[in-house]
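Okay, so here's the structure we're looking at.
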Amino acid sequence: MSISMPCVAMRKEQVRTSVSIVPLPFSYRAALIILFVGSGLIPAMNFLNLRWSLGIPGIITDRATLLVCLPAFCIGIKDYLNYGGFAKSPPIVFTLVWIAATVLWVDPTERGRSLVCVVTLLVTIPICAFVRATDAFGKSARYFGISFLCGMIAVQLSSPVFVGRWGDFAVGDQVVMNSNEIGFICAIVAILIYAAWQEGFAASQKSSSHPWIFPAVCGTTACAFAAMTVSRSAGASLAVASFGIWFHHARRSVGMIIMTPILIGMLGVGIFTLGIADHWLERLNDSDTSTLNGRTEIWDAIAAVQRRLGLNCVWGLGCAGIDKALGEELGGVVHPIDGIQRMHSHNMYLELAVELGLVGIFLVGTLSISMLRAAMALGRRDNTPWRSLLLLCIAVFSAAGVPTKVGCFPAIGALVLAALSPATRRSADVDRRLSPHFKVGSRHAQRENYIRLRECR
């Protein structure tokens with residue numbers, strides 16, 4: 001049977017588009033690896049540097065968060081207007097502009113810390129564009145998650161000394177890592193690994209052709225580390241996220257409902273195997289639970305700080321200015337370099353309210369609503385709940401004031417912003433821009449060409 005000329009042309013096009021996507025240029029791949037692998041290793045780097053006496057200079061360890069962002073930041077700047085996605089929406093732009101403006105009236109002794117905080121927030125915007133321009137969300141999430149877990153395994157193998165809970169690692173008299181921060185990153189990594197698996201599953205369109213064992217092992221390891229920190233915020237966020245994922249799959253699979261008792265039994269066995277059951281019971285039955293281990297006393301002192309400083313509730317105290325004010329009010333940890341007493345507020349919502357004022361509260365509230373709407377809209381489109389669960393996890397930990405203190409925040413922030421933006425799927429135009437000799441279409445174009453070819457037959 002003869003075939004018409006359009007169909008012959010379509011078959012030739014199908015031959016070209018059936019080739020796998022050409023790898024990104026070296027500069028893009030190197031920037032991606034430096035950013036997300038480096039960010040994942042940052043939590044363990046400071047501890048291992050002191051524990052094993054690696055001799056890494058302090059200027060590198062103290063500013064490693066920004067140093068690993070530099071290549072991706074430089075590449076992402078030129079992609080911002082085309083691939084900024086949610087990162088160029090008005091709520092986030094106005095919020096970041098206001099946070100940067102508060103540096104002008106913050107305490108002069110805190111201006112350096114304030115500038116570092118602002119720069120850390122601002123670099124996430126071009127990085128989000130970089131991730132979207134390369135359509136590398138899943139790959140970036142895997143890089144970050146696997147490198148972080150490898151770093152935690154290396155820390156555990158070094159037989160660390162921890163103060164109180166696992167994660168409060170100390171070298172000599174210096175506490176290098178914090179259990180709440182480790183619990184937060186573990187919870188984020190678990191959800192990101194699930195998100196990367198979901199993205200790969202949707203792209204393959206076949207459950208049998210997409211591996212699930214390795215993501216399951218990585219996700220279980222992240223949950224195990226989070227459980228070892230005995231962080232109530234980590235436990236609450238992971239419990240809600242696990243229920244949301246289970247409910248999403250149980251509605252479509254009877255097998256998931258049948259496996260529920262097995263999964264609960266495996267969870268119980270895992271808790272007793274890790275030897276943390278008694279620690280969790282002690283943590284939940286703590287006699288100081290009513291005051292959340294003294295946190296409510298810190299929150300009550302914020303009102304006294306406002307009265308003592310005569311704080312303007314409209315403009316706020318300025319970015320990163322609350323720690324010193326609380327340290328002067330209650331006493332705190334003396335910084336070894338400048339000798340200033342500082343105390344963490346342990347609540348990101350109160351921290352933002354005091355530092356950014358009523359204007360900042362309005363902008364941050366608008367941004368939060370926009371993020372939630374974007375997550376729900378994309379979740380309905382893709383039929384996946386992980387974006388909303390990711391925001392819920394961040395919201396739970398924000399009540400403990402954790403996200404602002406995490407060293408690898410730019411990588412996490414860029415992934416969150418990229419997740420709230422529609423996937424680019426690297427159209428042919430993007431592919432040609434990244435590699436001048438590349439003529440292969442996107443996966444979506446491959447599927448459409450295959451369908452049209454079958455119609456020609």
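The values are calculated or read from the model by the stated rules, or taken from the named source; none is laboratory data. Nothing here was measured: the structure is a model prediction, and the numbers come from that model. Every residue, glycine among them, receives a Cβ derived from its backbone with ideal geometry; neighbour counts consider all protein chains shown.
One table, with the values for the structure above:
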{"quantity": "Any hit, the range 327-341, residues being out of contact with any Leu (no Cβ under 7 Å at 6 or more places or on another chain), of a type outside the set (A, V, I, L, M) and closer than 27 Å to Ser237 by Cβ", "calculated": "no"}
{"quantity": "Residues located in the range 313-340, provided they are touching an Asp or Glu at 6+ places or on another chain (Cβ under 9 Å) and surrounded by fewer than 17 Cβ atoms within 10 Å (Cβ to Cβ)", "calculated": "Leu330"}
{"quantity": "Restricting the range 282-302 to residues that are of a type outside the set (Asp, Glu) and at pLDDT 80 or above, the residue that is farthest from Val354 (Cα to Cα)", "calculated": "Thr296"}
{"quantity": "Ala395 being surrounded by fewer than 22 Cβ atoms within 10 Å (Cβ to Cβ), more than 11 Å from the chain's Cα centre (by Cα) and modelled with pLDDT under 75", "calculated": "no"}
{"quantity": "Residues satisfying the stated conditions in the range 232-263, i.e. of a type in the set (A, V, I, L, M), modelled with pLDDT of 75 or more and surrounded by 15 or more Cβ atoms within 10 Å (Cβ to Cβ)", "calculated": "Ala234, Ala236, Leu238, Ala241, Ile245, Ala250"}
{"quantity": "Which numbered condition Leu352 fails, given (1) surrounded by fewer than 21 Cβ atoms within 10 Å (Cβ to Cβ); (2) modelled with pLDDT of 85 or more", "calculated": "(1)"}
{"quantity": "Test: residue in the range 398-414 that is charged (D, E, K, R) and modelled with pLDDT under 80", "calculated": "yes"}
{"quantity": "Yes/no for Phe73 being buried (at least 17 other Cβ atoms within 10 Å of the Cβ), touching a helix residue (DSSP H, G or I) at 6+ places or on another chain (Cβ under 8 Å), assigned to a helix (DSSP H, G or I) and at pLDDT 90 or above", "calculated": "yes"}
{"quantity": "Residue within the range 165-178 that is in a helix (DSSP H, G or I) and aromatic (Phe, Trp, Tyr) present", "calculated": "no"}
{"quantity": "Qualifying residue in the range 406-417 (condition: assigned to a helix (DSSP H, G or I) and either at positive phi or surrounded by fewer than 18 Cβ atoms within 10 Å (Cβ to Cβ) (or both))", "calculated": "no"}
{"quantity": "Among (1) at pLDDT 90 or above; (2) crowded, with 19+ Cβ neighbours inside 10 Å, the one test that Ile34 misses", "calculated": "(2)"}
{"quantity": "Every residue from the range 58-98 that is touching a Gly at 6+ places or on another chain (Cβ under 7 Å) and either of a type in the set (Lys, Arg) or under 30 Å from Gly310 (Cα atoms) (or both)", "calculated": "Trp98"}
{"quantity": "Residue, nearest to Gly151 (Cα to Cα), within the range 161-200, restricted to residues that are polar (S, T, N, Q) and in contact (Cβ under 8 Å) with a residue 60 or more places away in the chain", "calculated": "Asn178"}
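One line per residue, one yes/no per condition, for (1) over 25 Å from Ile75 (Cα atoms); (2) among the small types (Gly, Ala, Ser); (3) assigned to a helix (DSSP H, G or I):
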{"position": "Glu110", "(1), (2), (3)": "yes, no, yes"}
{"position": "Val116", "(1), (2), (3)": "no, no, yes"}
{"position": "Ile127", "(1), (2), (3)": "no, no, yes"}
{"position": "Gly138", "(1), (2), (3)": "no, yes, yes"}
